[in-house]
Amino acid sequence: MEPNQQTGVKPGSATGKKIGVLTSGGDAQGMNAALRAVARTALYAGAEPYAIYEGYQGMIDGGDGIRRFGWTDASGIFNRGGTVIGTFRSQEFMTRSGMLKAACNLVKLGIDRLVVIGGDGSLTGLDQFSQAWTSLLDELVDQGRITAEERADHPHLIYAGMVGSIDNDLVGTDMTIGVDSALHRIQSAIDAISSTAASHQRCFVVEVMGRHCGYLALASAISGGCDYVLIPEDPPADGWEDTMCDQLRKSRQAGRKDSIVIVAEGATNRAGDPISAEHVASAVTERLGEEARVTILGHVQRGGTPSAYDRWASTWLGYEATAHVLTHDDEGPGLVFGFQGEQIISVPLVKAVADTHQVPVLIAEGKYDEAMKLRGNEFHDLLQIFNQITNPPSTQSAPTAKRIGVMHAGALAPGMNTAARIAVWLGITQGYTPIGIHDGFVGLAEGKMDELTWKDVDGWAQEGGATLGTRRGVPTVEQLYAISRSLESESIAGLIVIGGWDAYATAQLIAAERSRYPGLQIPIICVPASIDNNLPGTTMAIGADAALNEVVDCVDKVKMSASASQRCFIIETMGRDCGYLALMGGFAGGAEQVYLNESGVTLDGLKDDIDWLKTSFDKRNRQLFLAVRNENANPNYTTEVLRRMFDQEGNGRYDTRTLIIGHIQQGDAPTPADRLLATRLTNVAVNRLIEQIIGADKQISCLGTTNNEVCLHDIDQAMKMADPRHQRPLEQWWLRLGDILSCVNRESSASTEAVSMGE
Ligand code: ADP
């Protein structure tokens, strides 16, 4: 598995090349975003993109099954679920004669580059096709269906795959296209079920998709705060019905009002017999004497608008896969493009597919650990955490137990409650007493704290906001005295601070000053939570994904509102000096321009934008221009100043409107990604804190993720990775998406010329 060296495409670099794109197998949200990115990247590079309709069948049928796909064909599809070019399970493609027809149609059109978006079946088909390419073309020459020259012009099939599958079952990549959106659908269903279940003290059994892979089930069981999960990779031992019901009983005794069991559709027992949701429900009814209701979520998981992640990740993948296919002329190993955390990786297709097929074999052979290993570290961590938090101890910790403080600091971020709940539960399961500190460091200085029980935090998994309260600001050196006194008098042995920049700055201040304060001689761990995503040592902070989804949702609505008139819209996001929300919101929302503090705003740049805008309204019948501006992009070129400039220069071509999104970016419930991140990070925070308490290690540190691995940094080291004036990391991985945004969101003259070529 190699980190992908950003290939990059230049205008005109692929002139004369023809590339086909198809979607195959089960559909997934985000396939349209990937298709759009493939087509527009190709146009940008001067290549000719062709859409192949109805999967491999379109390739076999030829004619209208393979059509030129221009810039505007890719317009308005970004926020649609499914795939606008259709998908199909073509049996004919699995035969030699089907492949012969497909190869013949491609060669006749001059296409020898392919990008396929599909599941492991579709990618296996792609590999078989490419391996057979030479012999297929030889046979076509022998049969007189293509000429020797045509054969010589297309010596290889150059291809790349992207995994479109809500199951997240391809070994080697962390997230496949559609998984995040499916988790959104499942989570909103579980959140809804949870509120009715809690009102009636009921048990619900929810079946989610996943024939061989339990990722959706496990991830949604954690993010939904559920009680039991059945997944194919970890079949339960005989007598599991009793174990499950004992566990549900224990959770109720610990204070849970409802019970929710998640069953993956492919769950089995160790003998390989399927476990149905109905069977689970009757086991609960028999043993606990309460009625259990079954909900089978089915195809709603595949439907609906793609999440922000599925839009930006699929767009980036589409760009990289296309860049690879257009910049390579020799036959190399076919690659699948995917993600490891926030880094694009490419994996040899054959190996990825072989490893994926190995998982059910290992499960059938009873080698569950090995099967789990292939699913990766995150999967393994999540299962271990889930097993721990769903096993509450029968009593609260002993009065003599060491006390761990849990608090927030800095601005509010969705997911703070999720993280606090996990800290409390994991602390209790390990025999510690969790103390909730209210209202940040101000509350800590005033001694506002009390013990939290299992039951107190039960409902916090789904809730936005921060029930413990949080405060902005860094305490003065004088206030440290009161903070130290509080920690000392309450015998706090270690502190978990879930928060943003102010939490980090306070931790750094404590590290510098604590030699004078006995109460501050304790281990402290910061868990990153900030909608701005501006913290050093982590690629993602808790809450940033919820805020981004809110921005993208607003962009969708603005686009809809402008669909009946000619408009120029400037949307302003939060973020202070960090442009994450503006750039990613613009990228995932399809904006033509973003204005960031990082890249600055200049008069020359604005003039270029206005010139482009006028031309595209005059010559290309544009209806909407959308720009996203970070709130601190520039102190003088404010959103209002931009509005006036654009309006003046537009000279009646369009109306210019603004939308300042404001605090709703902080107010939503945490997304599944936020909840999973909060769970993984807080788990490491609690384990590390306890290790430090036992070992009398007083290091002050912060946590983060890099390439989907959790990592710990000393607070001073972490702050050296940040720019204190702008309060943001020195390295921001997402900035590189700015170039891709210009390529796929903003029609250039190069793209337009490529469209009109040959038409
Ligand atoms: P998914 O891609 O979602 O795993 P399938 O396994 O149904 O879905 O595969 C989708 C399509 O890919 C099949 O209908 C067929 O057209 C093609 N395909 C799958 N496996 C092969 C194969 N071994 N050889 C050729 N084509 C294949």
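The values are calculated or read from the model by the stated rules, or taken from the named source; none is laboratory data. Because the structure is a prediction, the values reported are computed rather than measured. Using ideal geometry, Cβ is built from the backbone for each residue, glycine included, and neighbour counts are taken over all protein chains shown. Heads up: the accessible areas ignore ligands, DNA and RNA and are worked out on the full protein's heavy atoms, side chains in. Shrake-Rupley method; radii C 1.70, N 1.55, O 1.52, S 1.80 Å.
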Point-to-point label distance, T327-R145, nm (Cα→Cβ direction, 7 Å offset): 3.5
Between S394 and V300, the two model label points (7 Å from Cα along the beta-carbon direction) sit apart by a distance in nm of 3.9
Rounded to 10°, Cα long-axis angle of helix 96-109 versus longest principal axis of the chain: 70
What accessible surface, in Å², does a 1.4 Å probe find on K18, ignoring ligands, DNA and RNA and rounding to the nearest 10? 50
Taking the Cβ of L140 as the center, what net charge do the other residues with Cβ under 12 Å away carry, scoring Lys and Arg +1 and Asp and Glu -1? +1
Relative to the chain, whose Cα atoms define the longest principal axis, helix 603-619 and its Cα axis are tilted in degrees, nearest 10, by 50
Cβ-defined net charge surrounding F569, 15 Å radius [Lys, Arg +1; Asp, Glu -1]: +2
So which GluC sites (Glu not before Pro) in region 435-481 are both in a DSSP loop and have at most 16 other Cβ atoms within 10 Å of their Cβ? E446
What is the calculated FRET efficiency for E92 to K607, with r their C-beta to C-beta distance and R₀ = 56 Å, to the nearest 0.05? 0.50
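Residues with beta-carbon under 10 Å from that of A544, excluding A544: net charge, scoring Lys, Arg +1 and Asp, Glu -1? Could the numbers behind the result be given before it?
Values: positive: none; negative: D532, D545, D674.
Around A544, the surrounding residues sum to -3.
I need the calculated FRET efficiency for the pair A132 and A696, taking r as the beta carbon distance and R₀ as 60 Å, to the nearest 0.05. Mind dumping the intermediate values first?
Working: r = 65 Å, r/R0 = 1.09.
Approximately 0.35, to the nearest 0.05.
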Can you give me the % of accessible surface on region 179-301 that is carbon or sulfur? Probe 1.4 Å, all protein chains present, nothing else counted. 46
Links that overshoot a 26 Å alpha carbon limit, given the list K250/K448; K455/K698; K257/K448; K402/K448; K108/K351; K448/K698: K250/K448; K455/K698; K257/K448; K108/K351
C-alpha center-to-center spacing [region 278-347, region 141-186] in angstrom: 16
Looking at the chain only, what percent of DSSP beta bridges run antiparallel? Nearest 5 please. 25
Taking 0.36 nm per intervening residue step and subtracting the Cα-Cα distance, what contour gain separates R249 from N687 on full extension? 155.0 nm
Solvent exposure, largest accessible area first (probe 1.4 Å, DNA, RNA and ligands not counted), of T15, T285, T705: T15, T285, T705
Placing +1 on the Cβ of each Lys and Arg and -1 on the Cβ of each Asp and Glu in the chain, which of M162, I496, I483 has its Cα farthest towards the positive end of the resulting dipole? I483
Mean separation of Cα contacts under 8 Å, 6 or more apart, over the residue count of the chain: relative contact order %: 14
Quick calc, E278 & C711: beta-carbon distance into FRET formula, R0 51 Å, rounding 0.05, result 0.70
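Could you pull out the GluC sites (Glu not before Pro) across region 220-325 that fall in loop regions by DSSP (anything but H, G, I, E, B) with no more than 15 other Cβ atoms inside 10 Å?
Working: sites: E233, E241, E265, E278, E286, E290, E291, E320; in loops: E233, E265, E290, E291.
Taking region 220-325 and a limit of 15 other Cβ atoms within 10 Å, the loop GluC sites (Glu not before Pro) found are E290, E291.
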Could you work out, for region 545-668, what percent of all Cα-Cα pairs fall into each 10 Å distance bin, beginning at 0 Å and stopping at the bin that holds the largest distance? 14, 48, 32, 6, 0
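Do the sum for the chain: with -39,500 (n - 2.57) for every DSSP H run of n ≥ 4, divided by all residues, what is the mean residue ellipticity at 222 nm, to the nearest 500 deg cm²/dmol? Numbers along the way, then the final one.
Values: 26 runs with 331 residues, N = 759.
After summing the helix terms and dividing by residue count, I get -13500 deg cm²/dmol.
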Counting only the heavy atoms of the protein chains, how much of H713 is accessible to a 1.4 Å probe, in Å² to the nearest 10? 40
Can you put K559, K607, K698 in order of accessible area, largest first, using a 1.4 Å probe? K607, K698, K559
Free-by-geometry Cys in the chain, Cβ-Cβ under 4.7 Å as pairing rule, reported as C104, C203, C213, C226, C245, C554, C568, C578, C711, C743
Region 583-599 to region 524-564: how many Å between their Cα centroids? 12
How big is the chain by Rg and Dmax over its Cα atoms, in Å? 27.3, 91
With the 8 Å Cα cutoff and a minimum separation of six or more residues, region 545-668 has a relative contact order in percent of 41
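Given a 1.4 angstrom probe, what's the average accessible area per residue across region 232-298, in square angstrom? Could the numbers behind the result be given before it?
Working: 2960 Å² over 67 residues.
Per residue, region 232-298 has 44 Å² of solvent-accessible surface.
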Cross-link candidates for K101: which lysines have Cα within less than 25 Å, leaving aside residues fewer than 8 places away along the same chain? K17, K18
With every protein chain in place, the accessible area of R576 for a 1.4 Å probe, in Å² rounded to the nearest 10, comes to 100
Where in region 197-237 does the amide nitrogen come within less than 18 Å of the point 7 Å from the Cα of E365, taken along Cα to Cβ? 233-235
Can you give me the Cα centroid spacing of region 198-233 and region 90-128 in angstrom? 37
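Hey, got a sec? Which trypsin sites (Lys or Arg not before Pro) in region 440-501 land in a DSSP loop and have at most 16 other Cβ atoms within 10 Å? Walk me through the intermediate numbers first.
Numbers: sites: K448, K455, R471, R472, R485; in loops: K448, R471, R472.
Filter output for region 440-501: R472.
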Which order do M721, M94, M584 take by accessible area at a 1.4 Å probe, largest first? M94, M721, M584
Tilt, helix 120-142 to longest principal axis of the chain (alpha-carbon atoms), in degrees rounded to tens, equals 20
